[in-house]
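Working notes, beginning with the structure itself.
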Amino acid sequence: MTAELARRAAAEPASRRSRRDWRVVPMLLPYLWEYKWRVVIALLFLVAAKVANVGVPLVLKDIVDGLDSQKAVLVLPLALLVAYGALRLATVLFAELRDVVFVPVTQRATRRIALAVFRHLHALSLRFHLDRQTGGMSRDIERGTRGISTLLSFMLFSIIPVVLEFMLVAAVLFAKFDWRFVAVTFAAVVLYIAFTIGITEWRTAIRKKANELDSHANTRAVDSLLNYETVKYFNNEDYEARRYDESLQRYEVMAVRNEASLGLLNVGQAAIIAVAATLLMILCAQGVVARELSLGDLVLVNGLLIQLYIPLNFLGMAYREIKQAMIDMERMFGLLEQNREVDDAPDAQDLPEGPATVEFDGVDFGYDPRRQILHGMTFTIPPAAKVAVVGSSGAGKSTLARLLYRFYDVTGGAIRINGADIRGLRQAGLRAAIAIVPQDTVLFNDTIHYNIQYGRPSATREEVIAAARAAHIHDFISGLPDGYEAMVGERGLKLSGGEKQRVAIARAILKNPRIMIFDEATSALDSRTEQAIQKELNAVAQGRTTLVIAHRLSTVMDADEILVLDHGRIIERGRHAALLAQGGAYAQMWALQQQEKQEQARRGPDLVRPEA
C-alpha cells in the first residue's frame with residue numbers, strides 16, 4: 001500500500017506535489033485551536049524574547065560609546081551593563097517559557113492524530129490490510145507523527161521569529177542609518193529565502209525517493225524477520241541478507257545524493273550572508289572613518305547582523321525540516337484518506353435482540369469484479385442450529401465468514417440476522433455478537449491471560465480462568481512456570497497448534513457470542529488432537545447459532561444441515577446420512593477421506609508424527 005502511495009506521488013507534477021505537501025498545514029489548525037490560549041501566550045513570550053534579543057546590540061552600542069575615552073562616565077556604563085545582562089537573561093527566559101507553554105499543544109496534537117490514524121487503519125476493510133506492507137506503513141506513521149512536532153515547532157518558533165526579527169532589525173537600521181543599510185539587508189534576505197526555497201524544492205524529490213527506499217528496506221526486514229522459521233527451513237539467510245542489502249544500497253545512493261545537495265545549499269546560503277555582511281561592514285566602516293558614525297554604531301551593525309543572520313541561517317534548516325515534515329505527514333495523512341469501503345450507514349441500527357437467525361439470501365460476491373467467488377448463495381441457520389459448509393479449497397467457504405463479519409459487503413443479494421440486513425447494522429454491535437475460532441490462530445505477543453481476556457477485555461481473572469477450564473487448557477496453563485502470565489511469543493509461536501486452538505476457544509467462550517463460527521478450526525491438527533478439540537467445539541456450539549467451515553467431514557457429521565460448495569455454488573445440501581445416500585459429491589469426499597484414514601491406520605501410528 002505504501003509503495004502504491006509512492007508511485008502515485010512520483011507520477012504527480014512537481015507543482016501539484018508541492019500543493020499536496022502544504023495542504024497538511026490546515027489539517028493541524030483544529031488541534032491548535034483547541035489550545036488557542038496556550039498558543040497566544042506562547043506567541044507573546046516569543047515576541048518578548050525577540051524584542052529582548054534585538055535590544056542586546058542596542059544596549060551594547062551605548063556601552064561602547066559610553067566607554068569612549070572622551071565620554072566615559074562610570075555610572076552610565078554600569079547601568080547599561082546590568083541592562084545588557086538582563087536582556088540576555090530575558091531572551092533565554094522568554095524562549096524557555098514559550099517552549100514550556102507550547103509543549104502540551106505539540107504533544108496533544110501528535111497524540112490525537114496518531115490515534116486517529118490508528119483508529120482509521122482498524123476501520124479500513126480487510127482488502128486494504130491484505131494489500132498492505134506492514135514495515136513500510138509503520139515507518140510512514142512513525143515519521144508522520146514525528147513530523148507533526150517538527151512542523152508545529154519550526155513554523156511557530158522558527159519562521160515567525162525570523163520574520164519578526166527581520167522587521168525589528170530593519171526598523172532599527174532605518175531609524176539609525178541611511179537607506180543603503182536597509183536595502184542591502186532586504187536584498188540579502190530576499191535572495192537568501194529565494195535560494196533556500198529553490199534548492200530545497202529540488203532536494204525534496206531526492207528526500208522523497210530516499211524515504212520510499214527507506215520504507216522499502218524496512219518492509220523487507222520486517223517481512224523477513226516475521227518469517228524467521230521459513231528462512232531457516234530453506235537455509236536462505238544469505239539470500240535474505242542480499243535482498244535487504246540491495247534495498248539498503250539503493251537507499252545509500254539517495255542518502256549520499258541528499259547530503260551532497262545539502263552541502264550545496266549550505267555553501268550558497270553562507271555565500272549570500274558573507275557578501276551581505278561584508279557590504280554592510282564596509283558601509284559602516286566608511287561612516288566611522290568619515291566621523292558620521294561612532295564605534296558603537298559599528299558594534300551595533302555587527303550585532304544586528306549576528307542577530308539576524310544566525311536565525312536566518314537557521315531559517316534555511318527550518319524550511320528544509322518543515323518541507324520534510326510535510327512530506328512525512330502527507331504519507332501519513334494519505335492513510336487517513338484511504339476509503340473505508342465498509343462503513344456504517346448514517347441510520348445504522350443495533351443488532352436485534354434475541355436468538356440469532358442468520359440468512360444468506362441470493363448472495364453474490366467477488367474480491368475482484370473480474371472474478372466472482374459466490375453465486376446466488378442461499379441458506380438459513382436457525383437459532384441454536386449448526387450448519388456446516390464443506391467443499392474443495394477455493395470453493396468460497398471462508399468467504400462466507402468474512403461476509404458475515406462484514407469485512408466486505410456483498411455485491412448481490414443480502415445477509416440478514418433476525419431479518420435485518422447487516423449493511424444497515426452498526427458494525428461494532430454486529431461483530432460483538434459473533435465469535436470465531438479460525439484455522440490459523442494468531443496470538444498477540446503477550447501473556448496467555450491477555451490473549452484469553454482479549455475476547456472480552458472487561459472480564460475478571462476468575463472469568464478468564466473459567467473460560468480456560470471450559471476450553472480444557474487450564475491444567476496446561478497451571479503447569480507452566482509462569483502460569484497465566486507466560487508469554488506466548490510472536491504470533492503465539494511458543495505454543496503448539498493444539499494449545500493455540502484451545503486459547504482461541506477460551507477466547508471465544510469468554511466473548512459469549514450469539515453466533516459462533518468455526519473456520520476449519522481443526523484442519524491443521526493431528527487426529528488425536530483434533531478429536532480432543534472437537535469435543536470442546538461441540539460443547540461451545542451448544543445453544544448458539546453456529547456456522548462450521550470444515551475440510552474433514554468427520555467433524556460435521558452432527559450438523560443440522562451440510563452445504564456442499566463447488567466454485568461458489570451450493571451443489572448439495574442435507575444431513576450427513578442423507579448426503580451419503582445420494583451418492584454424490586459429498587459421498588465421494590467421504591469415501592476418499594475414509595480411504596485415507598484407513599491407509600494411515602495401516603501404516604501404523606508410529607509413522608504419524610504427533611503434534612509438538
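The values are calculated or read from the model by the stated rules, or taken from the named source; none is laboratory data. Treat the numbers as computed from the prediction; the structure is a model and nothing was measured. Virtual Cβ from ideal backbone geometry, glycine too; neighbours counted across all protein chains shown. To get the accessible areas, we keep the full protein, side chains included, count just its heavy atoms, and leave off ligands, DNA and RNA. Shrake-Rupley method; radii C 1.70, N 1.55, O 1.52, S 1.80 Å.
For a quick check of your reading of the model, give me the residue pairs whose first member lies in the range 106-119 and is more than 12 Å from F333 (Cα to Cα), whose second is in a helix (DSSP H, G or I) and among the polar types (S, T, N, Q), with beta-carbon atoms closer than 9 Å and at least 6 apart or on different chains.
T106/S149; T106/S153; Q107/S149; A109/S149; T110/T145; T110/S149; R111/T145
Take G455 and decide whether it is closer than 24 Å to A356 by Cα and in contact with a helix residue (DSSP H, G or I) (Cβ under 7 Å, 6 or more places away or on another chain).
Against the criterion (closer than 24 Å to A356 by Cα and in contact with a helix residue (DSSP H, G or I) (Cβ under 7 Å, 6 or more places away or on another chain)), G455 qualifies.
Restricting the range 465-479 to residues that are modelled with pLDDT under 90 and part of a loop (DSSP other than H, G, I, E, B), which is most open to solvent (accessible area, probe 1.4 Å)?
H472
Starting from the range 580-596, take each residue that is within 18 Å of S393 (Cα to Cα) and list its partners that are open to solvent by 50 Å² or more (accessible area, probe 1.4 Å) and in a helix (DSSP H, G or I), counting only C-beta distances under 6 angstrom and pairs at least six apart or across chains.
Partner pairs satisfying both residue conditions: A587/L580.
For the range 447-462, which residues satisfy the criterion of being assigned to a helix (DSSP H, G or I) and open to solvent by 70 Å² or more (accessible area, probe 1.4 Å)?
Y450, R461, E462
Please report, ordered by residue number, the strands (runs of 3 or more DSSP E) entirely within the range 541-594 with at least 1 residues that are within 45 Å of the chain's Cα centre (by Cα) and acidic (D, E).
561-566
Among the residues of the range 186-205, which ones are open to solvent by less than 60 Å² (accessible area, probe 1.4 Å) and either at pLDDT below 80 or not in a helix (DSSP H, G or I) (or both)?
T200, R203, T204, A205
Which one is modelled with the highest pLDDT among residues in the range 566-612 that are of a type in the set (D, E) and open to solvent by 100 Å² or more (accessible area, probe 1.4 Å)?
For the range 566-612, the residue satisfying everything is E596.
Can you run down the residue pairs with Cβ atoms below 8 Å, 6 or more apart or on separate chains, where the first is in the range 335-352 and polar (S, T, N, Q) and the partner is modelled with pLDDT of 85 or more and open to solvent by 50 Å² or more (accessible area, probe 1.4 Å)?
Q349/R426
Residues to consider are I282, I310; find the one that is surrounded by fewer than 16 Cβ atoms within 10 Å (Cβ to Cβ), assigned to a helix (DSSP H, G or I) and modelled with pLDDT under 75.
None of the others qualify; the one that does is I310.
Would you check if R402 is modelled with pLDDT under 90, under 21 Å from P346 (Cα atoms) and out of contact with any His (no Cβ under 7 Å at 6 or more places or on another chain)?
So R402 does not fit the description; no.
Just the residues that are surrounded by 18 or more Cβ atoms within 10 Å (Cβ to Cβ) and either part of a loop (DSSP other than H, G, I, E, B) or within 37 Å of the chain's Cα centre (by Cα) (or both), please, taken from the range 386-397.
V389, A395, G396, K397
State all residues of the range 285-305 that are under 26 Å from K50 (Cα atoms) and open to solvent by 10 Å² or more (accessible area, probe 1.4 Å); if no residue qualifies, say none.
Scanning the range 285-305 gives L293, S294, L295, D297, L298, V299, N302, G303, L305.
Considering only residues that are modelled with pLDDT under 75, open to solvent by 40 Å² or more (accessible area, probe 1.4 Å) and assigned to a helix (DSSP H, G or I), look in the range 63-93 and name the one that is farthest from E165 (Cα to Cα).
V75
When the range 333-342 is examined, which residues are found to be surrounded by 14 or more Cβ atoms within 10 Å (Cβ to Cβ) and either outside any helix (DSSP H, G or I) or at pLDDT 80 or above (or both)?
Of everything in the range 333-342, those that are surrounded by 14 or more Cβ atoms within 10 Å (Cβ to Cβ) and either outside any helix (DSSP H, G or I) or at pLDDT 80 or above (or both) turn out to be Q338, E341, V342.
Here's the yes/no breakdown for (1) modelled with pLDDT of 70 or more; (2) part of a helix (DSSP H, G or I); (3) farther than 17 Å from W33 by Cα; (4) of a type in the set (F, W, Y):
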{"site": "F102", "(1), (2), (3), (4)": "yes, yes, no, yes"}
{"site": "A109", "(1), (2), (3), (4)": "yes, yes, no, no"}
{"site": "A114", "(1), (2), (3), (4)": "yes, yes, yes, no"}
{"site": "R127", "(1), (2), (3), (4)": "no, yes, yes, no"}
{"site": "G136", "(1), (2), (3), (4)": "no, yes, yes, no"}
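Could we say that K232 is modelled with pLDDT of 80 or more and crowded, with 16+ Cβ neighbours inside 10 Å here?
No, not satisfied.
Answer with yes or no whether R491 is under 24 Å from R544 (Cβ atoms) and not aliphatic (A, V, I, L, M).
no
Every residue, every condition in (1) among the β-branched types (V, I, T); (2) modelled with pLDDT of 75 or more; (3) open to solvent by 20 Å² or more (accessible area, probe 1.4 Å), yes or no:
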{"site": "E485", "(1), (2), (3)": "no, yes, yes"}
{"site": "V488", "(1), (2), (3)": "yes, yes, no"}
{"site": "I509", "(1), (2), (3)": "yes, yes, yes"}
{"site": "F518", "(1), (2), (3)": "no, yes, no"}
{"site": "A521", "(1), (2), (3)": "no, no, no"}
{"site": "K535", "(1), (2), (3)": "no, yes, yes"}
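Within the range 415-428, does at least one residue satisfy the condition of being in a strand (DSSP E or B), open to solvent by 10 Å² or more (accessible area, probe 1.4 Å), touching a strand residue (DSSP E or B) at 6+ places or on another chain (Cβ under 8 Å) and more than 25 Å from H122 (Cβ to Cβ)?
Looking through the range 415-428, at least one residue is in a strand (DSSP E or B), open to solvent by 10 Å² or more (accessible area, probe 1.4 Å), touching a strand residue (DSSP E or B) at 6+ places or on another chain (Cβ under 8 Å) and more than 25 Å from H122 (Cβ to Cβ).
Mind checking which residues of the range 226-235 are under 30 Å from the mean Cα position of the chain (by Cα) and over 15 Å from G492 (Cα atoms)?
Once the filter is applied, which keeps residues that are under 30 Å from the mean Cα position of the chain (by Cα) and over 15 Å from G492 (Cα atoms), the range 226-235 yields T230, V231, K232.
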